[in-house]
1. Can you tell me which of (1) over 20 Å from residue 53 (Cα atoms); (2) in contact (Cβ under 8 Å) with a residue 12 or more places away in the chain; (3) open to solvent by 70 Å² or more (accessible area, probe 1.4 Å) is the one residue 116 doesn't meet?
2. Would you list the strands (runs of 3 or more DSSP E) that sit entirely within region 114-181 and hold 3 or more residues that are away from ligand 1 (no atom under 12 Å from the Cβ) and among the hydrophobic types (A, V, I, L, M, F, W, C)?
3. Within region 77-113, how many residues are among the small types (Gly, Ala, Ser) and open to solvent by 60 Å² or more (accessible area, probe 1.4 Å)?
4. Mind telling me which of the residues 64, 35, 48 ends up being at pLDDT 95 or above and more than 14 Å from ligand 2 (Cβ to nearest atom)?
5. One residue is enough: does region 128-148 have a residue meeting the conditions more than 12 Å from the chain's Cα centre (by Cα), within 16 Å of ligand 2 (Cβ to nearest atom), crowded, with 20+ Cβ neighbours inside 10 Å and of a type in the set (Val, Ile, Thr)?
6. Under 7 Å between Cβ atoms, which residue pairs at least 6 apart in sequence (or on different chains) link something in region 134-160 that is more than 16 Å from residue 175 (Cα to Cα) with a partner that is small (Gly, Ala, Ser) and part of a helix (DSSP H, G or I)?
7. Check region 161-175 and report whether any residue there is free of Cβ contacts under 8 Å to residues at least 40 places away in the same chain and either within 15 Å of ligand 2 (Cβ to nearest atom) or under 15 Å from residue 44 (Cβ atoms) (or both).
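The values are calculated or read from the model by the stated rules, or taken from the named source; none is laboratory data. Source: prediction; values computed, not measured. When we count neighbours, we look across all protein chains shown, and the Cβ atoms used for this are built from the backbone with ideal geometry, even at glycine. Keep in mind that these areas ignore ligands, DNA and RNA; they rest on the heavy atoms of the full protein, side chains included. Shrake-Rupley method; radii C 1.70, N 1.55, O 1.52, S 1.80 Å.
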Amino acid sequence: MLNRKIEAGDILIHENQIRTAVDRLANEISTTYPADEQLLLIGVLNGAFVFLSDLCRKIQRDAAIDFIQLSSYGQNLRSSGNIKIKKDICLPVKGRSVVVVEDIIDSGYSMVFLQQYLLLKGAKRIYVCTFLDKKDRREVPLKIDFCGYVIPDYFVVGYGLDAKEQYRCLPYVAKIQEEKE
Ligand code: IMP
Ligand code: MG
């Protein structure tokens with residue numbers, strides 16, 4: 001049951017804008033990633049599953065797909081900065097270039113943690129791809145290689161993003177009023 005109905009005015013990124021960004025990002029990744037390596041995309045669960053599935057079908061080259069899941073938010077809407085791995089990757093990354101695919105980067109803690117983790121596992125080069133970037137909320141320095149849209153500090157849902165497991169399957173991105181804990 002949705003707690004709050006999304007109105008047309010809440011929509012921040014429409015379906016056609018999503019398609020435009022996905023096409024552009026797929027093209028950027030195809031041309032940037034080393035031509036002599038099989039592309040490896042690592043999606044960050046759960047949020048990135050929708051974006052990753054759109055993205056991989058637009059990339060004009062073969063790609064291996066893996067997933068990782070982190071826990072930091074618990075039931076909160078903001079990152080705790082205390083990050084753990086809930087589900088690890090299955091494919092080896094040693095000596096490989098990888099593209100980490102996120103739904104949204106907020107404080108940056110999750111992505112910095114992931115970069116360090118994958119480097120420790122021996123990854124050769126890590127590219128960061130995120131559909132959304134809440135740049136103003138960054139708490140740690142982070143270079144993003146491929147970004148769909150930079151957005152203001154709204155809590156957003158849809159296109160894989162949830163608020164307490166709600167709204168993930170909306171085909172667009174909408175902003176919702178942040179609930180006070
Ligand atoms: P960070 O570690 O603060 O950068 O948090 C990144 C993760 O927090 C993302 O992968 C999302 O799962 C979640 N997140 C951050 N902002 C939002 C939002 O506005 N809506 C839904 N999830 C969010
Ligand atoms: Mg995420």
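1. So residue 116 meets the others, but not (2).
2. On the way: elements: 125-133, 146-150, 155-157, 173-176.
Correct list: 146-150.
3. Taking region 77-113 and keeping what is among the small types (Gly, Ala, Ser), we get 79-81, 95, 97, 107-108, 110.
This time we only want the ones that are open to solvent by 60 Å² or more (accessible area, probe 1.4 Å), so: 80.
So the count comes out to 1.
4. Result: 64 is the single residue among 64, 35, 48 that is at pLDDT 95 or above and more than 14 Å from ligand 2 (Cβ to nearest atom).
5. No: region 128-148 contains no residue that is more than 12 Å from the chain's Cα centre (by Cα), within 16 Å of ligand 2 (Cβ to nearest atom), crowded, with 20+ Cβ neighbours inside 10 Å and of a type in the set (Val, Ile, Thr).
6. 148/21
7. yes
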